[in-house]
1. Can you tell me the relative contact order of chain A? Whole percent, Cα pairs under 8 Å, sequence separation 6 or more.
2. Under the definition of Cα pairs under 8 Å and six or more residues apart, what whole-number percent is the relative contact order of the stretch A:11-96?
3. What is the dipole size for the stretch A:675-810, taken about its Cα centre, with +1 at each Lys and Arg Cβ and -1 at each Asp and Glu Cβ, in debye to the nearest 20?
4. From Cα pairs below 8 angstrom and at least 6 apart in sequence, can you work out the relative contact order of the stretch A:675-810, rounded to a whole percent?
5. Using the Cα centre of chain A as the reference point, and only Cβ charges (+1 on K/R, -1 on D/E), how large is the resulting charge dipole? Debye, rounded to the nearest 20.
6. On the Cα set of chain A, report Rg and Dmax in Å, please.
7. Would you calculate, for chain A, the mean residue ellipticity at 222 nm contributed by helices, counting each DSSP H stretch of 4 or more residues as -39,500 (n - 2.57) and dividing by all residues, to the nearest 500?
8. Please compute the length gained on full extension between residue A:90 and residue A:633, using 0.36 nm multiplied by the number of residues separating them and subtracting their Cα-Cα distance.
Amino acid sequence: MSTAARPRLLLIDGHSMAFRAFFALPDTMVTSTGEVTNAVYGFTSMLTNLLRDEQPTHLAVAFDAGRQTFRTERYPEYKGTRSPTPEAFRGQVPLIREVLAALQVPSIDREGIEADDILATLAGQAEAAGMDVLICSGDRDSLQLVTEHVTVLYPIRGVSELARMTPDAVAAKYGVPPERYPDLAALVGETSDNLPGVPGVGPGVAAKWINQYGDLDALLEQQDSVTGKRGEALREHAAQVRLNRELNALLRDVELAYAPDDLALRGFDRDALFRVADALQFGPLRERLIAVDPAVQDEEPVARASVSVTVDVLGADGPGPWLVARRGDRLGLVVEGRAHPADGDAWSLAVADPSGAAIVVDLTDLDPRADEALAAWLGDADAPKVLHGAKAAWHELSARGYTLRGVVFDTELAAYLCYPDQRGYDLGELVERLLQRDLVPADDAAQGTLDLALDDTGENDRSATRAAAVTELAEVLVGETGDRGATGLLRDVEIPLSDVLARMERRGIAADVPYLTELEGQFGDQVAREAQEAYDAIGREVNLGSPKQLQEVLFDQLAMPKTKKIKTGYTTDAAALADLFAKTEHPFLAHLLAHRDVIRLRQTVEGLLKSVAADGRIHTTFQQTIAATGRLSSTDPNLQNIPIRTEEGRRIRRAFVVGEGYEQLLTADYSQIEMRIMAHLSGDAGLVEAFRSGEDLHRYVGSRVFEVDPADVTPAMRSKVKAMSYGLAYGLSAFGLSQQLGIEVSEASGLMQDYFTRFGGVREYLAGVVEEARASGYTATILGRRRYLPDLTSDNRQRREMAERMALNAPIQGSAADLIKVAMLGVDREIERRGLASRLLLQVHDELVLEVAAGERDEVEAVVREQMGAAADLTVPLDVSVGVGRSWHEAGH
DNA sequence: GGCACGACGTA
DNA sequence: CGTACGTCGTGCCA
């Protein structure tokens, strides 16, 4: 038994915290009706965090009321230097009080009294009543209230970071205990309150005096004993100091309508909360608030149960009868094995029905009848299955000769669509989060049916439990997916695509191993040569792959000018080295850069050689749940970053060749897909016309921006608008553009202005994307794929601006990902329908690589052009360029 | 063996 | 002070 925890009273200075929020968040945060909401949003967000982190039992928010206070009566200039409250702020205070009313939190004010005096009074009463008190205020005068049981939370930056001011923290920061802080403040003065201090006396001197004399009264009594210029200044300003002290003392005996006991949290008024949160378009903040509703927090946490399952023991007939008895049921399937596209295996599988009954089948020791029944079920497109990561299971089963069909739901893909920014989608973690259950098999004692016939390693129980968990999880995720408008995207795109990807991975792409080996040798020779010449240039050997050692060489030994600062010193990246070379022409730099290039190429070749499978082909794995924008990624090896920009790099592409039994490789890529999507989404007339005209895009844009004839657009103009156009989709700044083009920031900024003058629809679109996302909490692609960006309302500028750039980019990059996924499904389906032998091998974001069977080239090209071109109906045409050849390099264009 | 970091390849 | 990824080596930790 634990003793009852002390009650915790949270007191907030409403005005000062709302004011902080107002300046921390952009005043472009408005509802669709134009109401500015940054202060109310920031304040509510801060309050939400406090409820979550501090778990107060009692709460009140105090507001200033009335212009006249005892302080202005005593000293008319009090707070006299403050500029008038911004109009946009003033209107938000009543909104904050509305929110508080919905949360059933008292807003306390009293005519002629400042919020801090209310807080001081309540804090004193609460402490006397045995409560712990937290005071959240941006007014430093509140520091005088700090005691063993009273802590001030003082905003450091914005309203998201609060400093915990305990007695020790106050003493550490100011050099005096909390009760002496107003003495110190009286000496130093407070600009924001228009209280001048003693000239030449800062916090350090003030603290020294206070500690020396004991307190301010004693100091003033003995002011004549203070020597020097500062002593004179003190004597001259003694009256002001006394006045300061009088004014900065907080009232502790204000008569209030509430006593601390009346401030107990009662739980939110959900109806009122929904109304106000919707009216203010709080978006995701509403859910965050609900998650901290004290009415819910108070409920006893239920001991978390495990996912339960009953393992049915199979008879001599194997799994057939069990599966047949459940025909038409959605069954959870978990395969135990090794998921590898070229070297997979499966050793057992578990199937669970919706009631929690399961079977486990040992695949390594299966009699023919059982095998036949299992194969029939697995390959039956009409036998609905639910998996967590069907593609991996596909590889495992494929290795044992099974075909997997009838996947109607994939909990991993569903979780990805619902929470695309998550790092991983581990089954156990999802079960914990979404089912509030644990993924451990129930104790053997509790489950009599478990420990029968099957082997007793516990493996089977775990498998069966996972299968049951997948079944249960699917039920929750069906709802979550629907809530996010992702049902169609999951069912019609991601799930069928995982099957297409599985087959692409299984096929792999043929590699010319002798050629790769030759390349490895050549690059290796060059590595050695460049390294030796680099060593000769500086007269010693260093590890050229160690930025740390390079920094020593460049900045110590060679005393070169410092480059851009990074965590570990100064950067040695390629751009910086090129810059240094331009300045110093030191041969070491040239050899170092050449070494970097060639060692990288050698590494790439080595990696590829290592990943050639027994069939002479390279089998990548396409990750379908990694990129938050909806793109695929490629691993083991990554075939989406094979060099193409340099001639040396392109040599590597010659190693990817057409395989035995096929005639050619075909590559097809979308040209300027992202810009076309931008034209479509923005509806900018100029940009749409640019694509419809068939003119070279950058030439067209250049002619508009620079006001010249398209024929007169110089290469320099073209490259500037090209960088500009692409940068837009990333949230490029004038500074970034100037860096990339090596021009002045002013020129870059002028370029951007000219661009937006000509293509105003683009600017409107980009601004609109961010504002909409801020209000709704997410961005969406053409197919409705969402990306949630809670940081759009962060008061941390860096995080917020990062989120804004993500919001600009996600609909564009993500829509492009949508389109090529749809195109892949179309190409695959059409190839199958026409009975062609050609096949998809790779996807590189805007490019598809296919292996073309003899005689099929023209038809395959037509299919690919048709399917890629028809992936979406945009206001601009989707242009596809196609190339063929014996190698990836030859097929490129 | 695992981690963070710098560097750099692709779209 | 430009989005989205994956991989490699170094240097440092346990």
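FYI, it's all coordinate maths here, none of it is from the lab. This one's a predicted model, so the numbers in the text were calculated from it and none came from an experiment. Every residue, glycine as well, gets a Cβ built from its backbone with ideal geometry; the counts of neighbours run over all protein chains shown.
1. Details: 1504 pairs, mean separation 90.9, N = 893.
The normalised contact order for chain A reaches 10 percent.
2. Details: 68 pairs, mean separation 32.4, N = 86.
Computed value for the stretch A:11-96: 38 percent relative contact order.
3. Numbers: 17 positive and 17 negative charges, 115 e Å.
My answer is approximately 560 debye.
4. Working: 146 pairs, mean separation 29.7, N = 136.
It comes to 22 percent, rounded to a whole number.
5. Numbers: 93 positive and 137 negative charges, 439 e Å.
Computed charge dipole of chain A: roughly 2120 debye.
6. Gyration radius and largest Cα-Cα distance of chain A: 34.5, 107 Å.
7. Rounded to the nearest 500, it is -14500 deg cm²/dmol.
8. The residue A:90-residue A:633 span can extend by a further 190.6 nm.
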